[in-house]
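The values are calculated or read from the model by the stated rules, or taken from the named source; none is laboratory data. The structure displayed is predicted, hence computed values, not measured ones. Cβ: placed from backbone, ideal geometry, glycine included. Neighbour counts: every protein chain shown. Ligands, DNA and RNA are stripped out before the accessible areas are found, and what is left, the full protein with its side chains, is counted by its heavy atoms. Shrake-Rupley method; radii C 1.70, N 1.55, O 1.52, S 1.80 Å.
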Amino acid sequence: MSIIRDKTLAAEGLKKIKWVKEFMPVLAELEERFIEEQPFKGLKIAVSIHLEAKTAYLALVLRSGGAEVAVTGSNTLSTKDDVCAALDSLGMNIYAWYGATTEEYFDHLKKTLEFCPHIIIDDGGDLVNLLHGECKDYAKNLIGGCEETTTGLQRLRARIVEQKLDFPMMAVNDADCKHLFDNIHGTGQSTWDAIMYTTNVMLSGKVLVVAGYGHCSSGIAKRADGLGARVIVTEINPFRCLEAAMDGFEVLTMDEAAKLGDIFVTATGCKDVIVKRHYEVMKNNVLLANAGHFDVEFNKDDLKEMSTKIEVRKPFIDGYYLEDGRIINVLADGRLVNIVAGNGHPADIMDLSFAIQALSALHIAQNGKDLKPGLYDIPLEIDREVAMMKLKAMNLGLDVLTDEQEKYMNSFEE
């Protein structure tokens with residue numbers, strides 16, 4: 001039985017799911033295939049991803065293949081209550097609501113695991129952590145799972161170092177059809193969609209400080225550059241520093257950049273990227289936004305201690321008033337700004353990511369019992385299949401090597 005906030009919102013949620021399906025042709029093709037083949041028949045799948053319309057459609061596609069599916073969110077502020085109601089109206093078990101407390105959030109995760117899934121689809125690693133801890137008994141049927149995001153893979157790799165991963169997991173985030181499009185183009189567009197809509201502030205002419213220059217943060221930087229911002233990048237990786245510089249961006253330390261920025265966006269996957277000493281030198285009315293998975297990239301406790309007053313200035317904008325009269329504006333409570341204060345990634349992009357998820361779940365269903373505990377790359381044939389399906393859907397051409405070219409490319413003698 002679902003645990004949701006308001007069943008009366010179902011009609012609006014169903015409209016949203018129907019809308020995104022129109023822009024997810026690869027997932028729609030997989031749905032048709034799954035309906036015919038029933039590859040998940042008899043299996044239970046637990047899903048913890050940002051619970052909005054695109055995730056809902058993924059869950060429905062998995063169910064179309066015969067799976068029993070339970071769904072929760074992966075962030076307390078990214079869950080859409082109307083989408084939860086829609087899935088509940090379609091007979092799926094949903095455990096989530098917008099604005100859940102930390103206690104409620106983990107209760108929802110545990111409820112999602114209670115039916116002892118065979119496969120998990122995780123986003124950030126919370127399901128994995130529970131299945132190694134207080135929900136270990138719920139792992140009795142588990143074959144394996146898939147991890148959606150960079151932060152989740154960091155946590156999985158830390159487990160592997162400590163030899164504390166008990167089942168196989170697929171590194172969905174590392175698939176080319178995921179990180180090359182979702183991370184760069186999805187994050188790049190959706191972050192600025194959310195920031196500009198929420199603040200109604202022009203980006204052109206502003207100084208933007210982007211913390212990090214991985215796939216997500218480079219997408220954020222490049223789109224800001226295209227919108228007329230002066231972009232400064234901060235990094236800890238020397239290769240990425242060089243990459244940012246050769247892409248035309250100024251590269252400084254955060255201590256240097258803190259004095260200059262009008263807007264700060266963090267996307268590093270690390271904690272305490274911005275702390276008290278940085279707040280002390282920031283301009284009045286700066287905007288702070290986070291595009292990393294967890295709300296730890298800038299230290300909110302430091303900011304609270306420095307503030308004489310905190311007030312909601314606009315929806316999703318908290319103003320922290322400092323003793324010297326400056327105001328520091330935090331967007332979306334420091335959580336993922338693109339989905340908390342916006343619509344998340346475009347459906348066209350999530351079509352690729354969630355097609356990889358669906359086929360990776362199928363790979364686990366078919367092969368997981370033969371895999372040792374560990375983290376596995378997405379097989380090239382899955383990645384390529386999704387790419388080819390998307391090319392077809394977009395009516396894009398692709399050249400093919402002749403037999404003679406194939407021979408030349410694979411020979412050391414010619």
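Annotations for the structure displayed:
- Count - residues of region 74-117 that are under 19 Å from the mean Cα position of the chain (by Cα) and within 13 Å of Asp6 (Cβ to Cβ): 9
- Residue that is farthest from His50 (Cα to Cα), among those in region 297-329 that are touching an Asp or Glu at 6+ places or on another chain (Cβ under 7 Å) and among the β-branched types (Val, Ile, Thr): Thr308
- Residue match in region 365-378 (condition: in a helix (DSSP H, G or I), buried (at least 21 other Cβ atoms within 10 Å of the Cβ) and out of contact with any Pro (no Cβ under 6 Å at 6 or more places or on another chain)): yes
Per-residue answers, yes or no, for (1) open to solvent by 10 Å² or more (accessible area, probe 1.4 Å); (2) in contact (Cβ under 8 Å) with a residue 24 or more places away in the chain:
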position: Lys110; (1), (2): yes, yes
position: Pro117; (1), (2): no, yes
position: Leu131; (1), (2): no, yes
position: Lys136; (1), (2): yes, no
position: Thr149; (1), (2): yes, yes
position: Leu153; (1), (2): no, yes
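- Meets criteria (free of Cβ contacts under 8 Å to residues at least 24 places away in the same chain, outside any strand (DSSP E or B) and surrounded by fewer than 24 Cβ atoms within 10 Å (Cβ to Cβ)) for Leu396: yes
- Residue under evaluation Asn343, criteria (1) among the polar types (S, T, N, Q); (2) in a helix (DSSP H, G or I); (3) open to solvent by 30 Å² or more (accessible area, probe 1.4 Å), criterion not met: (2)
- Out of Asp82, Asp126, Asp122, sole residue that is more than 27 Å from Val296 (Cβ to Cβ), open to solvent by less than 30 Å² (accessible area, probe 1.4 Å) and acidic (Asp, Glu): Asp82
- Meets criteria (assigned to a helix (DSSP H, G or I) and open to solvent by less than 70 Å² (accessible area, probe 1.4 Å)) for Ser360: yes
- Candidates Lys390, Lys407, filtered to the one that is assigned to a helix (DSSP H, G or I), within 30 Å of Pro39 (Cα to Cα) and either charged (D, E, K, R) or touching a residue at least 24 places away in the same chain (Cβ under 8 Å) (or both): Lys390
- Enumeration of residues in region 352-404 that are of a type in the set (Ser, Thr, Tyr) and either closer than 18 Å to Asp182 by Cβ or in contact with a helix residue (DSSP H, G or I) (Cβ under 8 Å, 6 or more places away or on another chain) (or both): Ser353, Ser360
- Residues located in region 36-68, provided they are of a type in the set (D, E, K, R), open to solvent by 20 Å² or more (accessible area, probe 1.4 Å) and assigned to a helix (DSSP H, G or I): Glu36, Glu37, Arg63
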